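Trainee: I'd like to ask some things about the structure below.
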Amino acid sequence: MDGLFVSSSSGFANFAEVWADPTTQQSVLVTILFIAVTVIGTVGLGTTLALLVDRAGWSRALARNVFVWPAVVAPVVVSLMWLLLLSPTVGGFNKVLLNWGLPTQSWLNSESGAFLSVAVVDIWHWTPIVFLFVYAALQGVSKEVLEAARMDGATEWQITMRVVIPMLMPAILVVTLVRLVSSIKAFDEMYLLTRGGPNGATNIVSLHIRTLFFDQLEFGTAAALSVSVVAIVLAVVGGALFARRISALGIK
């Protein structure tokens, strides 16, 4: 009307419309896969690094500082740095392949390559957060318990898997929850590296919401999807905290 936006109540129609959209369904599947890969990758790698650094001896301080560096860099800077490394023409990785006499790769131009690339960038960027959580928890592990296990004849592998890891589990669960939420909110790497392409291979929910709101001006469906994501995040966090509370009380 006269070039102005007109708002009207649509009830739950926007929710039905956005969830029936095949693009939304694809973005949800991509997001779930992205969360699974990045959360498992960061938690597994961060925990492993924390265990290794804790036993590093004289190089512990240096390793601790080096592993933290990626987390203090802004996501935009990280994305631009990796964009230069993955560029098919001037990228550092392709330069290395050429020097080794190997064929160059279009890292961001194939569906599987683009997805794996953004997942690796996310894992590299946020593994230090997991490392810090787990390393801090390691400092609270009782040395007497470890010595008692060694005196009982347990190997270092057995001590790690049967003593240390169970004692670290509360910290690991907390940082897993933190990574789960941050993976749902991921945006910068995908937007700057791939813009959700190719063919929607990296079009996670946050990117899809941006497209609906800014490119397609579908304010109602974008808002409906945003509210849905917030509700899902609250449900996941609430369920995890409730389960942890029940576990702490010893209720089965």
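Trainee: At R0 = 45 Å, how high is the FRET efficiency between residue 215 and residue 148 if r is their beta carbon distance? Nearest 0.05 is fine.
Mentor: 0.15
Trainee: A follow-up question, please. How large a share of the accessible area of the chain, in percent, is made up of carbon and sulfur atoms when the probe is 1.4 Å and the other protein chains stay in place?
Mentor: 69 percent
Trainee: I've got another one for you. Would you mind getting me the FRET efficiency between residue 25 and residue 136? Use the beta-carbon distance for r and R0 = 35 Å, nearest 0.05.
Mentor: My answer for the efficiency is 0.30.
Trainee: Roughly how many Å is it from the Cα centre of the range 61-95 to that of the range 134-210, as a whole number?
Mentor: Between the Cα centre of the range 61-95 and that of the range 134-210, the gap is 20 Å.
Trainee: Please compute the modelled spin-label separation between residue 237 and residue 169, points set 7 Å along Cα→Cβ, answer in nm with one decimal.
Mentor: 2.5 nm
Trainee: Could you tell me which label, among [x] 22.4, 84; [y] 17.3, 55; [z] 18.6, 53, carries the value of Rg and Dmax of the Cα atoms in Å calculated for this structure?
Mentor: Working out Rg and Dmax of the Cα atoms in Å from the coordinates points to [x].
Trainee: Which value does Rg/Rh take for the range 34-159 over its C-alpha atoms, Rh per Kirkwood?
Mentor: 1.11
Trainee: Could I ask something else about it? Using +1 on the beta carbon of Lys and Arg, -1 on that of Asp and Glu, and nothing else charged, what's the dipole of the range 153-213 about the Cα centre, debye to 20?
Mentor: Taking the Cα centre of the range 153-213 as origin, the dipole is about 160 debye.
Trainee: Using Cα springs under 10 Å in a Gaussian network model of the chain, which residue among 56, 171, 137 shows the largest mean-square fluctuation?
Mentor: Ranking 56, 171, 137 by mean-square fluctuation puts 56 first.
Trainee: Still on this structure, I have one more. Could you compute the FRET efficiency for residue 158 and residue 69, with r as their C-beta to C-beta distance and R0 at 30 Å, rounded to 0.05?
Mentor: Efficiency, rounded to the nearest 0.05: 0.35.
Trainee: A further question follows. Could you give the alpha-carbon Rg of the range 103-238 over 2.2 N^0.38 Å, rounded to two decimals?
Mentor: Taking the Cα Rg and dividing by 2.2 N^0.38 Å, one obtains 1.47.
Trainee: Something else now. Could you grab the relative contact order for the chain? Cα pairs under 8 Å, six or more apart, rounded to a whole percent.
Mentor: Taking the mean separation of contacting Cα pairs over the length of the chain, I get 29 percent.
Trainee: Kyte-Doolittle mean at least 1.0 and Cα extent at least 20 Å along the axis: which DSSP H helices of the chain qualify?
Mentor: Qualifying helices, which must be both long enough and hydrophobic enough, are 22-54, 111-138, 165-184, 219-249.
Trainee: Further, regarding this structure: Residues of the range 122-216: accessible area per residue at 1.4 Å, in Å²?
Mentor: The answer is 49 Å² per residue.
Trainee: Counting Lys +1, Arg +1, Asp -1, Glu -1, what net charge surrounds residue 160 among other residues with beta carbon under 11 Å of its beta carbon?
Mentor: 0
Trainee: On to the next question. So how far apart, in nm, are the two label points at residue 77 and residue 52 if each is 7 Å from Cα heading toward Cβ?
Mentor: 2.5 nm
The values are calculated or read from the model by the stated rules, or taken from the named source; none is laboratory data. Keep in mind the model is a prediction, meaning the values are calculated, not measured. When we count neighbours, we look across all protein chains shown, and the Cβ atoms used for this are built from the backbone with ideal geometry, even at glycine. These accessible areas exclude ligands, DNA and RNA; they are computed on the full protein's heavy atoms, side chains included. Shrake-Rupley method; radii C 1.70, N 1.55, O 1.52, S 1.80 Å.
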